[in-house]
Amino acid sequence: MSRLPIVTVAMGALLAAGCVSIGSPTALPSATPSLGITTPAPSTAAPSPSPSAAPTASPTVAPTEAPTATAQPTGTSSAAPTDSAAPSGSPGTSPAVPIVYGADTLLYYDDFSDPNSGWGVGTNAGGTVAYADGGLRFDPAAIGAWIWSRREANEPWNVMRVEGSVTPSHAGYTGLLCSADDDDLYGAVANADGVYIFVHLTSAGVEVISNGQEPGWALTPGVTTSMALDCAGTNTGALRLQFSLPDVSVVVSHEGTEGPPNFDRAAVYAESGADGHSLLADDVYVYGGADFTGGQSSGNVDELLAHVPAEWRASCFETPISSTDAGAQVAVACSLDTGNADIAEYVLFDSQANMDVAYQARIDSWSVEPTGDCQTGPNETGYSVGGVSAGRALCAPQTVGVRLDWTHNDLLILSNLTDFEGSYADNYEDWLIAGPV
């Protein structure tokens, strides 16, 4: 298993271009002039997203070799990560400190079918932003040019969550931002090399807060990726930022003492790394919350961790539940330093119907031609434990490496193993001990 160290990134591209932005106007004049082109666009209410339909066909594929059921270990488990947060007030990242921030009120959902939904559009020296191709399209003007567009959330929120689908056409930085002022934005970006960076944008340019590199963060050009940013203002006691790619269960965070007290707008960021670079953003959800929860969701994390191998539990942490996983109660991810896989993820559902819908969504996202053998290649099949049918399993290539997703019908747990090196055999070997049991 490869682990890349925290790196210092040369930020020539980020700093070479001036601060070029596109944003819709504020309700009142700001104290300083806007640096972007303002195009009046009244906000419109967007309907809440609805879950996809449940699978209609019954499984017909014969079961593969069953995973070995292991005895349930005894002892008290803990959801606490092994890495501590960065010292207050100083830059830093911690690869295992994701927290449910408490942004649980849906402020808006935007599929960009309404060109007047409120995002800034237009053209300036940095490039063009427009409602196009079924989403919000960013076309930076040149290599190294960067541009962002935002939409307001109507009122300040102490915590905010922004998530959506992003598809960069070429190498370059893609990210999400939270702000209470168009000249003072906080967020994070990632690129095709697996570099992630927490950034602070001001009228003076881009400040790098902290950065690192990990294979799971690589944004493959032409591939749609789910991206999320959680922000907590200093009204909660500290500035907290959490950046994640839910599809591959990677997450990093930053904590400091300086920043805005709250946030009332969200933004999408694009920076060109090649000629002809574009970014398409779609299905953006923005949530708000009054208080930073700083802890677990209403689900029972310990109950879920009891079905995780004992040697993995110290590396496990609670992760935000995806807005597309209807009925999900609690989710944990484990950053594995032992075994073959790199990431393990477990999600507890309230019913088999909702679990099956979420599993079907993964089949739809990572569709494969079955080979009949998860040990050597992609497949989708039923499996059994002790001769009894237990659920279904999907083995497939993903943006980086390979994944193995499976359901457990009795426990209502949907799980995933990810191997960034792309070994089906290694993922399968860990699946035999991964539970849930």
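Can you find even one residue in the stretch 298-321 that is of a type in the set (S, T, N, Q), closer than 20 Å to I433 by Cα and crowded, with 19+ Cβ neighbours inside 10 Å?
Yes, the stretch 298-321 contains at least one residue that is of a type in the set (S, T, N, Q), closer than 20 Å to I433 by Cα and crowded, with 19+ Cβ neighbours inside 10 Å.
Give just the number: which of (1) touching a residue at least 60 places away in the same chain (Cβ under 8 Å); (2) closer than 20 Å to D182 by Cβ; (3) among the polar types (S, T, N, Q) does T128 not satisfy?
(1)
When both residues are 6+ apart or on different chains and their Cβ atoms are under 7 Å apart, which pairs have a first residue that lies in the stretch 252-263 and is on the phi > 0 side of the Ramachandran plot, and a second that is modelled with pLDDT of 90 or more?
Close Cβ pairs satisfying both conditions: G259/Y186; G259/G233; G259/T234; G259/L239.
If a residue must be in contact (Cβ under 8 Å) with a residue 60 or more places away in the chain, in contact with a strand residue (DSSP E or B) (Cβ under 7 Å, 6 or more places away or on another chain) and not hydroxyl-bearing (S, T, Y), how many such residues does the stretch 199-222 contain? It would help to see each step written out before you state the result.
Just the residues of the stretch 199-222 that are in contact (Cβ under 8 Å) with a residue 60 or more places away in the chain, to begin with: 199, 201-206, 208-216, 218-220.
Among the residues that remain, those that are also in contact with a strand residue (DSSP E or B) (Cβ under 7 Å, 6 or more places away or on another chain) are: 199, 201-202, 206, 208-214, 216, 219.
Checking the rest, the ones that are also not hydroxyl-bearing (S, T, Y) come to 199, 201, 206, 208-209, 211-214, 216, 219.
Final tally of qualifying residues: 11.
Looking only at residues in the stretch 202-221 that are part of a strand (DSSP E or B) and over 23 Å from I343 (Cβ atoms), which one is most open to solvent (accessible area, probe 1.4 Å)?
E207
Check P397, P370 and return the single one that is touching a Phe, Trp or Tyr at 6+ places or on another chain (Cβ under 9 Å), within 23 Å of T224 (Cα to Cα), of a type outside the set (A, V, I, L, M) and open to solvent by 30 Å² or more (accessible area, probe 1.4 Å). Before the answer, list the steps.
Values: P370 fails: touching a Phe, Trp or Tyr at 6+ places or on another chain (Cβ under 9 Å).
Unique residue meeting the criteria: P397.
Which residues, taken from the stretch 337-372, are touching a Leu at 6+ places or on another chain (Cβ under 9 Å) and among the aliphatic types (A, V, I, L, M)?
A341, I343, A344, V347, L348, M355, A358, I363, V368
For the stretch 351-437, give me every one of the strands (runs of 3 or more DSSP E) that falls completely inside it and has 2 or more residues that are under 16 Å from D247 (Cα atoms) and at pLDDT 90 or above. Show your work before the answer.
Details: elements: 379-385, 388-397, 402-408, 413-419.
Of the strands (runs of 3 or more DSSP E) lying wholly inside the stretch 351-437, those with at least 2 residues that are under 16 Å from D247 (Cα atoms) and at pLDDT 90 or above span 388-397, 402-408, 413-419.
Taking the stretch 243-282 only, how many residues are polar (S, T, N, Q) and buried (at least 22 other Cβ atoms within 10 Å of the Cβ)?
Summing the residues that are polar (S, T, N, Q) and buried (at least 22 other Cβ atoms within 10 Å of the Cβ) in the stretch 243-282 gives 4.
Can you tell me which residues in the stretch 225-238 are part of a helix (DSSP H, G or I) and surrounded by fewer than 20 Cβ atoms within 10 Å (Cβ to Cβ)?
The initial filter retains those residues of the stretch 225-238 that are part of a helix (DSSP H, G or I), namely 234-236.
The answer is T234, N235.
Yes/no matrix, rows are residues, columns are (1) more than 30 Å from W366 (Cβ to Cβ); (2) in a loop (DSSP other than H, G, I, E, B):
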{"site": "V223", "(1), (2)": "no, yes"}
{"site": "R240", "(1), (2)": "yes, no"}
{"site": "V252", "(1), (2)": "no, no"}
{"site": "P260", "(1), (2)": "yes, yes"}
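Does G288 satisfy being closer than 22 Å to G175 by Cα and not in a strand (DSSP E or B)?
no
Between a first residue in the stretch 158-185 that is closer than 19 Å to L106 by Cβ and a second residue that is surrounded by fewer than 22 Cβ atoms within 10 Å (Cβ to Cβ) and among the basic types (K, R), which pairs have beta carbons less than 6 Å apart while being 6 or more apart in sequence or on different chains?
Within 6 Å, no pair qualifies.
Exactly one of (1) surrounded by 21 or more Cβ atoms within 10 Å (Cβ to Cβ); (2) in contact with a Gly (Cβ under 9 Å, 6 or more places away or on another chain); (3) within 19 Å of G102 (Cα to Cα) is unmet by Q329. Its number?
So Q329 meets the others, but not (1).
Every residue in the stretch 136-148 that is part of a strand (DSSP E or B) and open to solvent by 40 Å² or more (accessible area, probe 1.4 Å), please.
The answer is R137, D139.
Filter the stretch 116-135 down to the residues that are among the hydrophobic types (A, V, I, L, M, F, W, C) and open to solvent by less than 50 Å² (accessible area, probe 1.4 Å) and list them by number. Before you say what the answer is, go through the steps one by one.
Of the stretch 116-135, the ones among the hydrophobic types (A, V, I, L, M, F, W, C) are 119, 121, 125, 129-130, 132.
Residues satisfying the conditions are W119, V121, V129, A130, A132.
The values are calculated or read from the model by the stated rules, or taken from the named source; none is laboratory data. None of these values were measured; they are calculated from a predicted model. FYI the Cβ positions are ideal-geometry reconstructions off the backbone, even for glycines, and counts take in every protein chain you see. Side chains are part of the model used for accessible areas, which takes the heavy atoms of the whole protein and leaves out ligands, DNA and RNA. Shrake-Rupley method; radii C 1.70, N 1.55, O 1.52, S 1.80 Å.
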